[in-house]
Each structure stands twice: as structure tokens, then as C-alpha cells.
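Here's the structure, in C-alpha cells; my notes come after.
We did not get these values from a lab; they are worked out from the coordinates using the rules stated. In this text the structure is predicted, and so the values were computed from the model without any measurement. Please note: Cβ atoms are built from the backbone with ideal geometry, for glycine as well, and neighbour counts cover all protein chains shown.
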There are 2 protein chains.
Amino acid sequence: MREAYHDQLGQLADQLADMCGMVGDAMERATTALLESDLALAEQVIGDDAKVDDVRASIEEQSYALLALQAPVATDLRTVLAVIHAAESVERMGDLALHVAKAARRRHPQSVLGDDVKPYFAEMGRIAVELARETTEVIRTQDVARARLIEDADDAMDDLHRHLFTVIMDKDWQHGVASAVDTTLLGRFYERFADHAVSVAKRTVFVVTGRMPGYGDDADL
Amino acid sequence: MREAYHDQLGQLADQLADMCGMVGDAMERATTALLESDLALAEQVIGDDAKVDDVRASIEEQSYALLALQAPVATDLRTVLAVIHAAESVERMGDLALHVAKAARRRHPQSVLGDDVKPYFAEMGRIAVELARETTEVIRTQDVARARLIEDADDAMDDLHRHLFTVIMDKDWQHGVASAVDTTLLGRFYERFADHAVSVAKRTVFVVTGRMPGYGDDADL
């Protein structure tokens, strides 16, 4: 009985890790769509988001069934609750990749971004995808040391995000107000994506160690 | 035993409702601070946010204890899980009120907003506070019909938010890029605040009816 239960718990974690891999791929494609004004790729991300939502609904349903049927305690209980929370965060990461893809589609065939800010988004995209993949590994391996590295990558994201604002706000900004608005929101989508990855990693640390690292507010804009 | 358990569950819901009331008050004060460049009020909101975080941590701890000690099933299980989810959403609403207050503080003694967009924020603030208060009542009363009204108020918020963008993007925008960036982010904070209120209301419907209303994506920016 407990054996079957641990199998189910392991399968849940695998599905969560798969889901986290999916949103990492989505953000990678959305970033390419954004930087290269690739409409087909944007459409692909937009079409695929429902799959992420389905996985999340399935994970939540299975978690509820586990709680109801097995009534786990201690670490097992914490694990199931962490999975429920994490699935919510990862779904949200998928929504943020979706927002990036929709921005790329909305301005197509024009580029949403001015050439001077594209390098920021190339780098924020790289970090976002890396964070999603590291988080996937943290879920699979429950490696606490690795989870802590994720916070460093998030700091790099916050630095880029802050710096992006100084570029938009600079008197030499050439792209007008509409582009400033798009660039501002896109910057926030990447920053929030990273925050959610950190939140999932922290929940994993909580499961392993029994202690929750400090709740993080998102970067102070 | 089950009696004591239902008392505990009722107390949890009361704490959640109180927390929701707190973030409604925070958003009300943050909006006044924003519209009237009131630094003292902004500081008060910023200082009070830790109290919201404390209530959330306490609710989560008590919920975990309930699950571990009582192993509830069926509606009772759904209720505890809804409380855990809702506490996360309400904490996030508090963070968004905090962001509004910090924006007001950052530009003080100047106003963050141009006079032409202030009416939008007065109205978005009014709806946000109304949503928080209605959600508080939904938690207390578990009134499903009332929860559905919350979605109407959220539609009004989305309309205002969309309209705000047409104002910022208009060629007659007079306030420059920096103000457009601030106004864009502030608009998003109000819109997300409303989305979280809707999410809490939907979870409450789920507890009462056993059916989850459709998962909402946030407004397509």
C-alpha cells in the first residue's frame, strides 16, 4: 500500500518536472518569436498553452485523490502540498510565455522591440529558460544545493530587469511611448517567470529540509 | 473531535476573510496615496504588508496541521486546500497594493500619474477595493451567487485597463516615456489584484459546488 503510494508520488513529481520542461521550451520559443518576429513560432506557443493547463489540472486532481485516499503525514504530506503549489506556479510560467508570444504576434510583421533592447531580452530569455530547466532538475533530483543556485540566476534576472528600465527611461529613448509600454510589460513577464521558478525551487527545499527559505517579494519595480 | 475540527476550519476561514479585508484596506490607502501623493499613507501601506505575510504564514501552518492531524476527506479536504490556495492569492493582492504604495513613494512629492489618467485609477481603485470586500464576504458567507457577481466587476476592471492602454498609446499622450512606463505597470497591478480576487472567489465556488469554474487567464495585454 505505502509502496504504491510512493510510486504515485514519484509519478506526480515526474509530471510536474515534465510540465516545468514544457514551459521552459515555451519560453525559449516565445523569446525566439519575439526577437525574430517569427509568427509561426508564436502561434505554436499560443496553441500549446492548453496542454500545460491540462497537465496542471491532472496533477491537481491526482494530488487531491492522494490526499483523500492516503491521508499522508509529515514529509509525504509536505510533498503533495508542494506539488499542488508548484503546479500553480508552473502554469503561471506558461501563461507568461504565452503573453510573450502574443506580444510577438500582435505586432507582427513589425518587431515589438527596438534593436537596442533586443540584447536584454536575448539574455533575459536565456536566463528564464535556464531557470526553468534547473527547476526541472531540482524537482527530479531534490538537490537542495542546486535549488540555491537558482536564486543566483534570479538575481541576474533582476539586475537585467532594473537595467532595462534605465534604458527605457533614458532621455535618448528613440522608440516612442507605445514601444516603451510593450518593452515594460515584456520585461515584467520575464521577471515574473523567474520569480515563479524560484518559488518552485523554494518549495522543493521546504520538502527536503522541512524549512521554508524566506518568502520573496518580486523585484521592487 | 469532528466538532472541534469544524471549529478550526471555521476559524481558518475567518482568518482568511480578515486577511482579505486587510488587503482591501491596503489597496484603498495605496490608491489614495497614489492619487493625492500622500507619502505618510504610502509608508503606512508599506509598513503594514508584513502583517499580511504573517497572517498568510499562520494560515498555511494551521492548514498543514489540520491536514496532518485530521486527514479530512471530501468537502472538508477541498475546503482546507482552497484556504491554502486562497491565502497565497490574497498575499499576492497585498504585494500588489504594496507595489502601488511604493510607486507613490518613489515619485513623491511629484505625482506618478498625469491628471488625465487619474480618473481611471480612481475607478480601478474603487473596483479593486470593492472586489476585495466582496471576496471577503464570499469567504464568510460561501454565497455562490455573490461569487459570480465578482466576475462582472472583474470585467469592468478589464475594460478600464484596456481603455487605459489606448490613452497611453495615443499620439496626444503628453507625459513622456517615464510616465507611460509607470502608468503601464500601475495599470497591471490593479488588473492582477482583481484577477486574484476572482481566483479566490472561484475556489470558494469550487468548495461549495464541487465544480471549478473555468480557469481564467489574465486579461490579454
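Of note:
- Cα-Cα separations in the protein assembly as shown greater than 38 Å, expressed as whole percent: 20
- Take the Cβ atoms of A:Ala57 and B:Ala74, set R0 to 22 Å, and the FRET efficiency comes out at 0.70.
- With its label point put 7 Å out from Cα toward Cβ, B:Tyr5 sits 1.6 nm from the same residue's point in the other copies, in order from shortest.
- Using a Förster distance of 25 Å, the FRET efficiency for A:Ala50-B:Asp25 (Cβ separation, nearest 0.05): 0.10
- Take each residue in A:65-72, count the other chain C-beta atoms within 10 Å of its C-beta, and the mean is 3.
- All alpha carbon pair distances within chain A were sorted into 5 Å bins beginning at 0; the resulting P(r) in whole percents reads 1, 7, 15, 18, 17, 14, 10, 7, 5, 3, 1, 1, 0, 0.
- Working from the Cα coordinates of the stretch A:66-174, the gyration tensor eigenvalues give, after taking √(5λ), semi-axes of 36, 17, 11 Å in decreasing order.
- Formal net charge of residues neighbouring A:Gln44 (Cβ-Cβ distance under 15 Å; K, R +1; D, E -1): -3
- Taking the number of Cβ atoms within 10 Å of each Cβ as an exposure proxy, the fewest-first ranking of A:Phe165, A:Phe189 is A:Phe165, A:Phe189.
- Inter-copy label distances at A:Arg148 (7 Å, Cα→Cβ; nm, one decimal): 5.3
- Calculated [θ] (222 nm, deg cm²/dmol) that DSSP helices of n ≥ 4 give over the protein assembly as shown, each run adding -39,500 (n - 2.57): -30500 deg cm²/dmol
- In this Cβ point-charge picture (+1 for Lys and Arg, -1 for Asp and Glu), the protein assembly as shown has a dipole of about 260 debye about its Cα centre.
- Förster radius 22 Å - calculated FRET efficiency between A:Asp158 and B:Glu43 (Cβ-Cβ, nearest 0.05): 0.40
- Pairs over the 30 Å Cα-Cα cut-off, from the set A:Lys51/B:Lys102; A:Lys102/B:Lys118; A:Lys51/B:Lys118: A:Lys51/B:Lys102; A:Lys51/B:Lys118.
- Axis proximity, chain A to B: residue whose C-beta lies nearest, plus whole-Å distance: A:Ala71, 2
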